[in-house]
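Nothing in this text is a laboratory measurement; each read-out follows from the coordinates by a stated rule. Please read all numbers here as calculations on a predicted model, not as lab measurements. In this analysis, Cβ positions are derived from the backbone assuming ideal geometry, glycine residues included, and neighbour counts consider all displayed protein chains.
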Amino acid sequence: MNGITGSAMALCAGCILCSVVGMLTPNGKSKKVFSLVLGLFLICSVILPIKNAVRDFNNLLQSSTENSAIMQSADEKLKDSIIRQTADNLVLALNELYNSEGLTPKNITVAVIKESDDGIKVDEICIYITKEDEVNKNKYIKLTYDNTKIKPKIIVE
């Protein structure tokens, strides 16, 4: 908006200057030459702000495109962070669940994926247990399925 105001002020100042110079020029051949020069000056004072406005608009578009790319990158990082946090929270919740039932798995891994509609889905739960804990395999499966509706993979190490 400042550019439009500045351009309008410059155009008005140019018109006033041309009017004053046009009144001060003597009649005759020199008046025609001065009128031609003043006309060219007015045309330039109209074209120059338009050229600057187009340049500023192009710069704004380029800046907008760069900002859009930055926002998309930040968006992807946020989505990845949410996926990691979801997996970590599920591991913590499952550990608490198993510990409350007297079970102690060696490790739990959770694979969370991003769906096409920007939703997230728990794709797989792997529970690593010892050979001694293998007798509780069905208990791990039942507890996990009852609480997540996902059948886990039990890996005996």
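Summarising the strand pairing of the chain, around 65 percent of its internal DSSP beta bridges are antiparallel. Label-to-label distance for N58 and I120 is 4.4 nm, based on points extended 7 Å past Cα in the beta-carbon direction.
Packing-based ranking of 112-123, 78-89 yields 78-89, 112-123, ordered from highest to lowest mean Cβ neighbour count within 10 Å.
With an 8 Å Cα cut-off and a minimum separation of 6 or more residues, compute the relative contact order for the range 78-156 in percent. Relative contact order here is 26 percent. Think of each Lys and Arg Cβ as +1 and each Asp and Glu Cβ as -1; about the Cα centre, that makes the dipole of the chain roughly 1220 debye. Our estimate of slack between T25 and I155, defined as 0.36 nm per intervening residue step minus the Cα-Cα distance, is 36.8 nm.
Structural descriptor for the chain: relative contact order 14 percent, calculated from alpha carbon pairs under 8 angstrom and at least 6 residues apart.
Could you tell me the calculated FRET efficiency between V135 and A111, based on Cβ-Cβ distance and R0 = 22 angstrom, to the nearest 0.05? Can you show the working numbers first?
On the way: r = 26 Å, r/R0 = 1.20.
So, using R0 = 22 Å, E works out to roughly 0.25.
Computed from phi, the 3J(HN,Hα) profile of the range 24-41 under the Karplus parametrisation 6.51, -1.76, 1.60 (θ = phi - 60°) reads 7, 6, x, 5, x, 5, 5, 5, 5, 5, 4, 4, 5, 5, 5, x, 4, 4 Hz, with x in place of Gly and Pro.
Taken as Cα centroids, the range 14-31 and the range 109-128 sit 79 Å apart, rounded to the nearest whole angstrom. Here's the list of lysines a cross-link from K139 could span, going by alpha-carbon distance under 27 Å and ignoring same-chain residues fewer than 8 apart: K106, K121, K131, K149, K151, K153. Over the residues of the chain, the helix contribution to mean residue ellipticity at 222 nm works out to -25000 deg cm²/dmol, using -39500 (n - 2.57) for each DSSP H run of at least 4.
Of the options (1) 115, 21, 21; (2) 67, 50, 24; (3) 38, 37, 27, only one is Cα extents along the principal axes in Å as computed from these coordinates, and that is (1).
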